[in-house]
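The values are calculated or read from the model by the stated rules, or taken from the named source; none is laboratory data. The structure displayed is predicted, hence computed values, not measured ones. Because the Cβ atoms are built from the backbone with ideal geometry, glycine has one as well, and the counts that use them run over all protein chains shown. SASA here: full protein model, heavy atoms, side chains in, ligands and nucleic acids out. Shrake-Rupley method; radii C 1.70, N 1.55, O 1.52, S 1.80 Å.
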Number of protein chains: 2
Amino acid sequence: MSCIFCQIADGKLPGDILYQDEEVLVFPDIQPQAPLHLLIIPKKHISALSRITREDKPLVGHMINTAQEMARREGVSEKGYRLVINCGQQGGQLVPHLHLHLLGGRQLSDQLG
Amino acid sequence: MSCIFCQIADGKLPGDILYQDEEVLVFPDIQPQAPLHLLIIPKKHISALSRITREDKPLVGHMINTAQEMARREGVSEKGYRLVINCGQQGGQLVPHLHLHLLGGRQLSDQLG
């Protein structure tokens, strides 16, 4: 098993787990781009958004809902935040395990990449 | 009615509608940041992601699915693309009607804003 996010999900790599349930896991990005920069991942290995199957589609909705809940918990829900999913090379996806970025805690640029 | 996205959804403002169904509408961003820059919006007025109700949660999943389908249609699914939802002022949300950005067609920066 070489996927670092799977290793975090399995407890084989240390991670500051902020939330988890049966389906998803939340931990800070190790190279944060904002005061709040969390990753929401499925525990199941899915390499990219473009690879999800029909049966996994509700999982993406659950990832978004989890991000909103984390934004509330972390106190950025009212001031504002950004959710990003990078898919594939040109999308800037660096780890080949589906993940949703939650960024907040500062004024984010209008530039989306 | 002053919401420009509601006016596009109602056909009261011109828009190059690339896809629509009962729930969502897709059209190009008028200030594109990439060769492909589409907006996926709900037809129903929801001011921001943080304002969705429990009953609207499946709608966000449908917006994501629609974005993936548009990425396929537009030929960026394999090379890669980015999905972004800005929520509120610090998130960089400019139009107060929930919208999902789909960007592709060039190498996107690792900077998420």
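Details
- Looking across segment A:9-27, the residues that are more than 15 Å from A:His62 (Cα to Cα), modelled with pLDDT of 95 or more and surrounded by 15 or more Cβ atoms within 10 Å (Cβ to Cβ) come down to A:Leu18, A:Phe27.
- Test: residue in segment A:73-96 that is of a type outside the set (S, T, N, Q), touching a His at 6+ places or on another chain (Cβ under 9 Å), surrounded by fewer than 20 Cβ atoms within 10 Å (Cβ to Cβ) and without any contact (Cβ under 8 Å) to a residue 60 or more places away in the chain: no
- Residue within segment A:50-65 that is open to solvent by 10 Å² or more (accessible area, probe 1.4 Å) and of a type in the set (A, V, I, L, M) present: yes
- Residues satisfying the criterion are absent from segment B:33-48 (criterion: at the interface with chain A (Cβ under 9 Å from one of its Cβ atoms), without any contact (Cβ under 8 Å) to a residue 24 or more places away in the chain and open to solvent by 20 Å² or more (accessible area, probe 1.4 Å)).
- Test result for B:Val95, modelled with pLDDT of 95 or more and under 15 Å from B:His37 (Cα atoms): no
- Taking the criterion of being within 16 Å of A:Ala48 (Cα to Cα) and facing another protein chain (nearest Cβ under 7 Å), the residues of segment B:79-102 that qualify are B:Lys79, B:Gly80, B:Tyr81, B:Arg82, B:Leu83, B:Val84.
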